[in-house]
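Since the structure comes first, as structure tokens, the remarks are kept for the end.
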Amino acid sequence: MDPSNSPLTGFELFRTRDADEARRAFGQLLAPHAMRPARRGARLDVRCHAVSLGDASLIYAQYGAAVRLEPGALGSFYLVGMPVSGVSTIRCGRSEVVSRRGVASVQSCSQPVVADWDDDCRKLSVKISRAALERRLAAMIGRAPTQPIEFDPVLDLGGETGRSWSRLVEFVSAELSPVSIYLKSPLARRLLDDALISTLLMVQPHNYSLALEVDAGAAAPGFVRRAEEMIAADPALPDGLAGLAVQLGVSLRRLQAGFRRYRNSTPIEFVRVQRLAKAREALAGAQPGTRVTDVALGVGYFHLGRFAAEYKARYGESPSDTLARSRRPPA
């Protein structure tokens, strides 16, 4: 196919015929993974175009020959894959999706993934940060999620809600170019970013869909919603909950009562979940020289043993494991 007809043509990240180079490049963009051609001696023509909006990225990829990809569990992000041609078979946990034009796959962060692409498969995908998705869900349902968000792995782009997602992605990919107004303005970037994240939560069934239908957020008073927004923005809370209450113009007791009544939780529990989410995001995208201690202190943990224990209980690995994986070069 003529490369000029591919999505995101103005954002070519790399092109190669070398399998090892492709694996390393995609490992840096997505996650380290095993990749092997389906046939010995296959001639690859690997191309990747990618653009980041912040917490969401659009990625176009093709391999030019049938391949198997084995990234395992994605961990720090979700991936919605939409073939523009060809077929890919995705095994995500116990589910299998035969994805083709009109049928997207939704890969959740905690499920191990194996993907088989056929010779003609070319795919436009949306990558969304786990931490951002959880923050958005918390704002929508009025409480922090206690379990990872698990999506139905099949997204029918021909259905009513699937068409909403498809039209949004088509609009974003068509409008983006190196000189796009959407990339020049930080506000416009955030609007597109938020639209992709919120729309996925609304259109695709997941284990918190019922909570979204209940719409708990609409019933809560303004000070509870503002408290959640302020905590999500800076969970370190340098002035503590008492200082937050002062900024909100309510007493600490009223703030606590509001969370108990409308969120069936406590402000400190919401703070804890937001701190852990921020820490995981920082560790997964750590720059050279970053230490676990720096990240813990940055999100408001001053007892490092407690931070490590709560982090492992929530994510199933230690903070140092997450940090080490972020530094590991792709295989």
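Since every read-out is calculated from the coordinates, none of them should be taken as a lab result. Here the structure is a predicted model, which is why all the values come from computation and not from measurement. Please note: Cβ atoms are built from the backbone with ideal geometry, for glycine as well, and neighbour counts cover all protein chains shown.
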(request) Arrange Trp117, Trp165 by Cβ neighbour counts within 10 Å, fewest through most, would you? (result) Trp165, Trp117
(request) Give the calculated FRET efficiency between Thr161 and Asp18 to the nearest 0.05, with a Förster radius of 30 Å applied to their Cβ-Cβ distance. (result) 0.15
(message) Within region 154-168, list the residues whose amide N lies under 16 Å from a label point set 7 Å along Cα→Cβ of Ala174.
(response) 163-168
(message) Quick query: amide H of Ala31 versus all other amide H atoms, modeled in the peptide plane; which residues come in under 5 Å with a sequence gap of 5 or more or a different chain?
(response) none
(request) Distance between Cα centroids, region 52-117 to region 160-178: provide it in whole Å. (result) 18
(request) Provide the per-residue ³J(HN,Hα) series for region 280-286, in order, calculated from phi with Karplus coefficients 6.51, -1.76, 1.60 and θ = phi - 60°, each as a whole number of Hz, with x at glycine and proline positions. (result) 5, 4, 5, 5, 5, x, 5
(request) Quickly work out the Val84-to-Ala38 label distance, labels modelled 7 Å from Cα along the C-beta direction, and quote it in nm with one decimal. (result) 2.1
(message) List the lysines whose Cα sits under 19 Å from the Cα of Lys312, skipping any in the same chain fewer than 8 residues away.
(response) Lys278
(request) Give a residue-ordered list of calculated ³J(HN,Hα) values for region 104-118 (Karplus: 6.51 cos²θ - 1.76 cosθ + 1.60, θ = phi - 60°; whole Hz; x for Gly, Pro). (result) 9, 10, 10, 9, 7, 5, 9, 9, x, 10, 10, 10, 10, 9, 7
(request) Search the structure for amide H atoms under 5 Å from the amide H of Asp120, placed 1.01 Å from N in the peptide plane, and list their residues when 5 or more places away or on another chain. (result) Val87
(request) Would you please give the FRET efficiency between Gln147 and Asp45, computed as 1/(1 + (r/R0)^6) with r the Cβ-Cβ distance and R0 = 35 Å, to the nearest 0.05? (result) 0.30
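On a full-extension model of 0.36 nm per residue, what is the gain between Ser318 and Asp239, subtracting their alpha-carbon distance, rounded to one decimal in nm? Could the numbers behind the result be given before it?
Working: separation 79, 0.36 × 79 = 28.44 nm, distance 2.80 nm.
Once the chain is fully extended between Ser318 and Asp239, it gains 25.6 nm.
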(request) Tabulate in residue order the Karplus-calculated ³J(HN,Hα) for region 80-85, using 6.51 cos²θ - 1.76 cosθ + 1.60 with θ = phi - 60°, rounded to whole Hz; enter x for Gly and Pro. (result) 10, x, 10, x, 9, 7
(message) To make sure I understand the rule: partners must be lysines, Cα under 27 Å from the Cα of Lys123, and not fewer than 8 residues away in the same chain. Which ones qualify?
(response) Lys184
(request) Name the long-range amide H neighbours of Gly72: under 5 Å, sequence gap of 5 or more, or other chain; modelled H, no Pro or chain starts. (result) Val113
